[in-house]
Amino acid sequence: MFKVMKTQSNPSLIGSRVPRSDARAKVCGTEKFIADYSLPGMLHVAVIRSPVPCGELRGSNRQYLETLPGVVATVFAEDIPGENCVPIVWRDMPALATGKAKYAGEPVGLIGAETAEAARRALAMAKLDIHPLQAVTDPEKARDNDALKVYGEDNVFSHLVIRRGNIEKAFAEAAAVVEGTYRTPYQEHAYLEPQGMLAIPEGDGSITVMGSMQCPFYVQSAVATVLGLPLAKVRVIQAATGGAFGGKEDVPSLVATQAALIAWKTGRPARLIYSREEDIISMSKRHPAVIHYRSAADSAGRLLAVEADYILDGGAYATLSPVVLWRSIVHSVGPYRCPNVKVDARAVATNRVPCGAFRGFGSPQILFAVECQMDQLAAKLGVEPAEIRRRNLLAVGDATATGQILKNSVGSLETLEKALAAAGVAPSKEAGEGRRAGRGMSTIFYGMGLGAGGVHLARTGATVQILQDGSAIFSVGTTEMGQGMRTVLGQIVAEELGIAFNCVHMTPTDTSRVPDSGPTVASRSTTMSGNALLRACAPLRETLLHVAAGILEAESANLVLTQGKVETRGTNPPRAVELQKVIDECFRRRECLASEGWYRTEGTTFDRATGQGDAYVAYAWATNIVDIEVDTETGVVEVMRIVAAHDVGRAVNLSGVEGQIEGGTVQGMGYALLEEILCQDGIIQNSEFGLYHIPTAEDAPKIEPIVVEKPFDGGPFGAKGFGEQPLMGIAPAIANAVADAIGIRFSELPITPERVLAALNSKTAI
Amino acid sequence: MSNLFDLAVTVNRVRYERAVEPHILLSDFLRHDIGLTGTHVGCEHGVCGACTVLFDGQPVRSCLLFAVQTHGHEVTTVEGLGTIDNLHPIQEAFHEAHGLQCGFCTPGILTTLVPFLEQNPNPSEAEIRAAISGNLCRCTGYQHIVDAVKLAAEKMRA
Ligand code: FES
Ligand code: FES
């Protein structure tokens with residue numbers, strides 16, 4: 001075993017590049033993902049899915065399936081012991097379809113078999129008696145009067161607005177008006193680890209569920225609902241999670257019900273690992289959007305008015321659409337001052353796969369429109385793209401589109417100036433034979449945490465315990481999915497308690513260890529769990545200082561806890577006692593060295609009628625500058641370089657922050673240029689990695705991350721949440737660069753070689 | 001039931017003899033029959049590279065091979081590179097240089113790199129990117145991976 005070396009110092013842990021605490025296990029292949037767990041007697045689950053986007057369910061050949069070799073049980077909607085519902089924002093989605101299947105890929109039945117192979121074979125033999133019905137497969141037609149109804153009276157899950165100032169007057173008086181219609185596609189998360197869950201009946205009437213997930217408390221609620229159990233009898237433990245990006249926010253609840261239903265029916269552990277194909281056809285995606293956007297500026301280049309009307313395709317069930325829509329409207333004007341705003345945004349229902357959370361959560365779509373519009377306004381007014389942004393960027397004291405006055409931690413302008421300085425002079429447009437170069441930019445912001453839209457969930461718990469040998473364990477309710485939370489929180493605990501970083505250990509996130517802490521989404525884990533941990537550490541520090549005061553015969557107010565020791569302050573020479581001695585003394589005196597912390601965000605507001613309020617406690621800010629080259633023979637857009645400056649408040653782990661910038665930026669590049677789900681008549685056509693392309697190491701450009709730190713007084717050590725932001729502004733920056741290079745503006749993503757060539761040939765964008 | 005095949009294969013310098021069904025994939029054999037779960041399966045289509053192992057020293061996708069094809073050969077998985085308290089220099093570099101986030105792609109990338117760095121002790125950035133272009137990573141944007149490979153090359157030259 002790896003031996004823990006107790007180094008007695010943590011020189012400036014906060015802001016360091018300390019290696020990830022999970023890196024050793026991950027480079028050795030010993031980190032356990034859910035597919036790596038297997039138990040004696042464990043069954044394997046396969047899911048029978050609707051082949052059609054809309055159909056009446058009339059029966060199945062389940063009796064026959066149950067006679068097949070290795071098959072132990074099947075489960076259909078009628079067998080569900082509790083409520084047939086996977087609660088997310090609303091309670092409209094069943095665990096297993098009954099009556100009507102509403103999207104192709106919707107789960108209808110479950111097979112539990114002795115081996116994965118037997119489950120697969122039975123699945124191949126499964127037959128549903130399903131009568132296909134007409135389906136709503138075009139989101140732009142979902143609101144037509146004659147459209148079939150997937151949800152409610154009008155196929156609208158949610159309609160949100162912003163009403164601010166008087167746009168008619170502003171448009172009438174404007175010096176420049178720009179208008180466009182923007183279309184953005186589905187984006188598949190393409191986490192490398194497919195979805196998976198393991199459900200274990202415990203024999204005492206309770207059930208344990210382990211798996212790949214972001215939100216154990218969501219999973220707990222779904223399993224309890226479907227099995228008809230009290231929450232107290234459902235324990236959920238997160239296994240190592242191989243990437244998520246929002247794709248393991250809500251849908252793991254569905255996967256967990258599938259494993260849990262077979263476990264409940266058979267009394268045996270049941271594991272379900274999705275194939276890539278079923279993952280792509282049935283799991284959530286980024287909402288496709290259609291956005292009509294009009295902006296107006298005065299002759300000085302000041303943004304006067306914005307009018308936007310847009311839809312997000314929510315798919316067959318509401319899942320997270322109402323809250324995705326909310327984040328999207330809060331970001332609908334970008335990081336700019338704008339006195340007159342009218343926005344109407346709707347999440348519509350279609351017979352397509354339910355869309356949900358994906359890094360940015362509704363904001364990348366609208367920011368694509370916002371930032372393409374800014375460049376066009378600049379061009380109309382004859383000012384540089386950087387200059388129009390400089391003139392409009394929000395600063396302390398300004399009001400956002402929702403009327404929130406910004407009080408502190410606004411690094412917008414600093415990211416702009418630093419990115420511009422780092423980017424230097426733009427390359428010449430002539431980039432050699434058959435190649436044109438261009439530069440594009442975007443400035444964006446990100447409302448950190450759940451904000452007013454998710455205020456009921458904006459709380460987190462944590463526990464910390466110092467053990468006899470001077471090491472410490474901590475537990476939180478948020479999860480590690482690759483983003484680096486475990487490392488950052490370990491740094492915070494180590495720093496607070498003066499304990500060596502490698503002697504601090506995070507236990508797996510487990511609903512039985514911490515109170516319901518809400519989801520791990522909205523870039524909230526560093527700030528929320530960090531704050532809860534600071535609160536948990538505070539009484540421990542107090543105890544340590546109190547006991548040390550006894551040993552040193554000093555006042556505890558005059559003591560400081562640093563680097564493995566407690567020292568007197570203000571005495572010459574300082575007297576000190578080793579932390580281990582203090583801990584020994586605490587144990588001798590039977591002091592309690594375990595503690596809990598609880599944190600909730602306060603002060604966010606939102607008025608649904610006007611869309612006004614203090615939407616988020618704080619914002620992160622960013623500027624991206626992208627250099628590209630277009631091959632005019634092939635239509636390929638090659639990204640040469642991306643400078644990405646992000647105001648993160650305070651970087652707790654500098655390498656971790658850079659990693660978030662690089663990873664998100666490349667996902668944004670995929671969104672801009674490569675990634676496209678082909679959905680024909682409601683059926684996804686490219687359900688494998690060979691056909692859905694994400695960027696490879698050769699596609700990915702050189703990224704120059706710039707970390708700007710405008711501390712946020714409500715975050716641990718000044719940190720703000722920002723993990724989603726790196727993706728959010730890349731697509732418009734690339735579209736702006738393409739327009740710069742070849743003079744053609746693309747208002748639809750992705751900007752594929754076919755689209756570029758077609759546009760070059762006709763000299764207009766399509 | 002198909003006929004079982006008597007497979008003898010050396011994995012991470014240990015010889016295994018198992019009766020296996022001929023259609024069992026190498027990835028399933030490694031993960032389920034002999035419990036080496038460090039080899040990850042991301043697509044089962046030969047695209048993502050997460051399942052890469054060394055077959056007589058050369059990187060192969062274990063989801064595209066049948067276990068029986070390794071009969072009489074040597075296979076090395078990530079577990080054969082180093083151990084948690086005695087890392088291989090490539091593992092050490094990925095640990096130090098933040099060459100991973102979720103770590104699901106990592107074993108396949110590490111195994112791909114072993115022969116690459118042995119043959120290219122001082123690779124350029126473009127060569128590194130080409131070498132790992134068959135391994136998808138959705139988390140890192142590859143840059144810290146590239147940095148880690150440079151560091152690994154340095155360590156292996158030393
Ligand atoms: S699992 Fe073998 S290449 Fe993806
Ligand atoms: S680190 Fe997550 S896929 Fe590479």
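The values are calculated or read from the model by the stated rules, or taken from the named source; none is laboratory data. No experiment lies behind these values; they were computed from the predicted model shown. Here Cβ is always computed from backbone atoms with ideal geometry, including for glycine, and neighbour counts include all displayed protein chains. Calculation scope for accessible area: heavy atoms of the full protein, side chains included, ligands and nucleic acids excluded. Shrake-Rupley method; radii C 1.70, N 1.55, O 1.52, S 1.80 Å.
A compact table of results
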{"item": "Those strands (runs of 3 or more DSSP E) lying entirely in segment A:141-213 with at least 1 residues within 14 Å of chain B (Cβ to nearest Cβ) and more than 30 Å from B:Gly134 (Cα to Cα)", "result": "A:196-201"}
{"item": "Residue under evaluation B:Leu110, criteria (1) part of a loop (DSSP other than H, G, I, E, B); (2) within 15 Å of ligand 2 (Cβ to nearest atom), criterion not met", "result": "(1)"}
{"item": "Residue match in segment B:139-155 (condition: within 16 Å of ligand 1 (Cβ to nearest atom) and either modelled with pLDDT of 95 or more or not assigned by TED's automatic domain parsing to the domain that holds B:Arg31 (or both))", "result": "yes"}
{"item": "Tally, over segment B:1-49, of residues that are surrounded by fewer than 20 Cβ atoms within 10 Å (Cβ to Cβ) and more than 14 Å from chain A (Cβ to nearest Cβ)", "result": "13"}
{"item": "Any strands (runs of 3 or more DSSP E) falling wholly within segment A:1-116 and containing at least 2 residues that are farther than 20 Å from A:Asp279 by Cβ and of a type outside the set (A, V, I, L, M, F, W, C)", "result": "A:55-60"}
{"item": "Residue count, segment A:676-701 (criterion: more than 7 Å from chain B (Cβ to nearest Cβ), farther than 29 Å from B:Ala97 by Cα and not small (Gly, Ala, Ser))", "result": "12"}
{"item": "Any chance A:Arg389 is among the basic types (Lys, Arg) and buried (at least 20 other Cβ atoms within 10 Å of the Cβ)", "result": "yes"}
{"item": "Complete set of residues in segment B:87-129 that are within 21 Å of B:Gln58 (Cα to Cα), at the interface with another protein chain (Cβ under 9 Å from one of its Cβ atoms), surrounded by fewer than 24 Cβ atoms within 10 Å (Cβ to Cβ) and touching a Leu at 6+ places or on another chain (Cβ under 9 Å)", "result": "B:Leu87, B:His88"}
{"item": "Qualifying residues in segment B:64-78 (those that are within 14 Å of ligand 1 (Cβ to nearest atom) and open to solvent by 10 Å² or more (accessible area, probe 1.4 Å)) - the one farthest from the other protein chains (Cβ to nearest Cβ)", "result": "B:Leu65"}
{"item": "Residues that are crowded, with 24+ Cβ neighbours inside 10 Å, more than 22 Å from A:Leu394 (Cα to Cα) and not small (Gly, Ala, Ser), drawn from segment A:318-339", "result": "A:Thr319, A:Leu320, A:Val323, A:Val324, A:Leu325"}
{"item": "All positions within segment A:340-364 that are charged (D, E, K, R) and surrounded by 24 or more Cβ atoms within 10 Å (Cβ to Cβ)", "result": "A:Arg352, A:Arg359"}
{"item": "Test for B:Thr83: is it within 13 Å of another protein chain (Cβ to nearest Cβ), away from ligand 2 (no atom under 16 Å from the Cβ), buried (at least 21 other Cβ atoms within 10 Å of the Cβ) and more than 17 Å from B:Asn135 (Cα to Cα)", "result": "no"}
{"item": "Lone unmet requirement of (1) open to solvent by 10 Å² or more (accessible area, probe 1.4 Å); (2) out of contact with any strand residue (DSSP E or B) (no Cβ under 6 Å at 6 or more places or on another chain); (3) within 16 Å of ligand 1 (Cβ to nearest atom) for B:Pro59", "result": "(2)"}
{"item": "Tabulated pairs, segment B:47-59, first closer than 12 Å to B:Leu110 by Cα and touching a residue at least 24 places away in the same chain (Cβ under 8 Å), second open to solvent by 40 Å² or more (accessible area, probe 1.4 Å) and more than 13 Å from ligand 2 (Cβ to nearest atom), C-beta under 7 angstrom, 6+ apart or interchain", "result": "B:Gly49/B:Arg61; B:Cys51/B:Arg61; B:Thr52/B:Pro59; B:Thr52/B:Arg61"}
